[in-house]
1. Contour minus end-to-end for ILE59 and PHE289, with contour as 0.36 nm per residue of separation and end-to-end as the Cα-Cα distance?
2. In terms of Cα to Cα distance under 15 Å, which aspartates and glutamates are near enough to LYS6, apart from those fewer than 8 places away along the same chain?
3. My understanding is that a pair violates if its Cα-Cα distance is over 30 Å; which of LYS174/LYS248; LYS111/LYS174; LYS174/LYS236; LYS56/LYS119 do that in this structure?
4. Determine, for each peptide in 360-368, 178-186, 339-347, the mean count of other beta carbons within 10 angstrom over its residues, then list the peptides with the highest first.
5. How much of the accessible area of the range 1-158, probe 1.4 Å, is carbon plus sulfur, in whole percent?
6. Give the long-range amide H neighbours of GLU81: residues separated by 5 or more places, or on another chain, with amide H under 5 Å away, using H modelled in the peptide plane at 1.01 Å from N.
7. Suppose all protein chains stay in the model; what accessible area per residue would a 1.4 Å probe give for the range 297-363, in Å²?
8. Quick check for you: with a 1.4 Å probe and neighbouring chains kept, what is the accessible area per residue of the range 90-200, in Å²?
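The values are calculated or read from the model by the stated rules, or taken from the named source; none is laboratory data. Quantities reported herein were computed from a predicted structural model and do not represent experimental measurements. Here the Cβ positions follow ideal geometry from the backbone for every residue, glycine too, while neighbour counts run over all protein chains shown. Side chains included, ligands, DNA and RNA excluded: accessible areas come from the protein's heavy atoms. Shrake-Rupley method; radii C 1.70, N 1.55, O 1.52, S 1.80 Å.
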Amino acid sequence: MNAVFKRTLRPVVQMGNELQIGMNENHTTLDDPDGLVFQLTELLDGTHSNEEVAVKLGITMEEVEGAIAALDGLGFIESSEVPGTFKDSELERYEANLNYYSSYSNLETSKYSFQEKLKGAKVAVIGLGGGCLTTAYLAGLGVGEIRGLDFDTVGRSNLNRQFIFNEHDIGRLKSEVAQEKVEAINPDISVTMYNREITSHHDLLDIIDGCDIVLSMIDSPTIVCSRWVNAACYIKGIPYIQGGFMNKIVVWERFDPANGSCYDCRLIDSIVKDPSEEYRLRTVYNLIFSRRNTGFAPHVSMLTGFFASEVVKYITDYANVSKAYSQLNTETMELVQQDHQFERVPTCPTCGGKAFEEISSLDELIESAKEMRVPHG
């Protein structure tokens, strides 16, 4: 295995007796009075063995190995070894991905290991309207299997923001068009798009089965659709991310059964903390709103981009996922992130074990909240 100086750190800047590596605010300055460190960075291009480097620099093998270890400790070195699991076309396709992963690689951790995790991943996208861009991002990034679901046709009003569709697709099923377009983006992955109307969480179970994570961008019928996704993911033990728009506010949040976070618990908790929330929920619950979508294209791109970024972090573990709740004000670009401000509700009908049947009614959720407000003992 030959060590290679990361190409993303080139060019190295020589400044008299010093070197500057990394041309940004995080650059590192190294003393190099005889120019040997600079020569070393040039020779570590993946084609020279340590013995050859030692001969060319006129130093010992021990000195070469010590210098490489020091550079590796600074995050400047990675392995030149390319796994045989990648086709030449994939290495070309994912070149920018691999360059990005170089920021997290070293001699022990290959940049290719992150891409391999994506190749082995399965992600479901519920809602191919706002979610269509996410499927395109995931395909380009190289997620090995993408499943999508929708029950709508392409309309002209979608074309301001759902950019895998065009004028010629109007009237066609979104699932059908998405299948064609996403497969065309990356023929090396598996893509299955379902045309299915969701009437309960049971309609989602086979689609999300075996997935690593689920992305939900459905918003109708109001509240109920989120409860369906929540129940299905809780049954399967799969984390999910959902998001949407409140005019200039973009919101996305992550729920994970493994740590007990549950959307129904959040609803119950909100009623417990603010009794007036009951009236707001009753007003919008199970409604289907039309002609009030505030999906402004740049903001949709932000949301779907954040979705894709979080999916990659979750799957590859190259960095920690963000906090569970995120809110972006697109007017001021102020981003607020925080952990969920609620705890698991012991009487929650979903994570309490009843989700295998049917989700509870809104009245049952409200009743659970009222019981929690009644002092016991």
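1. 75.4 nm is the gain from fully extending ILE59 to PHE289.
2. Filter leaves GLU42, ASP45, ASP72, GLU78, GLU81, GLU95, GLU108.
3. LYS111/LYS174; LYS56/LYS119
4. Values: 360-368: 17.3, 178-186: 18.9, 339-347: 14.2.
Going from most to least packed, we get 178-186, 360-368, 339-347.
5. The nonpolar share, carbon plus sulfur, comes to 49 percent.
6. When sequence neighbours closer than 5 places are left aside, the close amide H contacts are ASN2.
7. Numbers: 3460 Å² over 67 residues.
About 52 Å² of surface per residue is accessible.
8. 42
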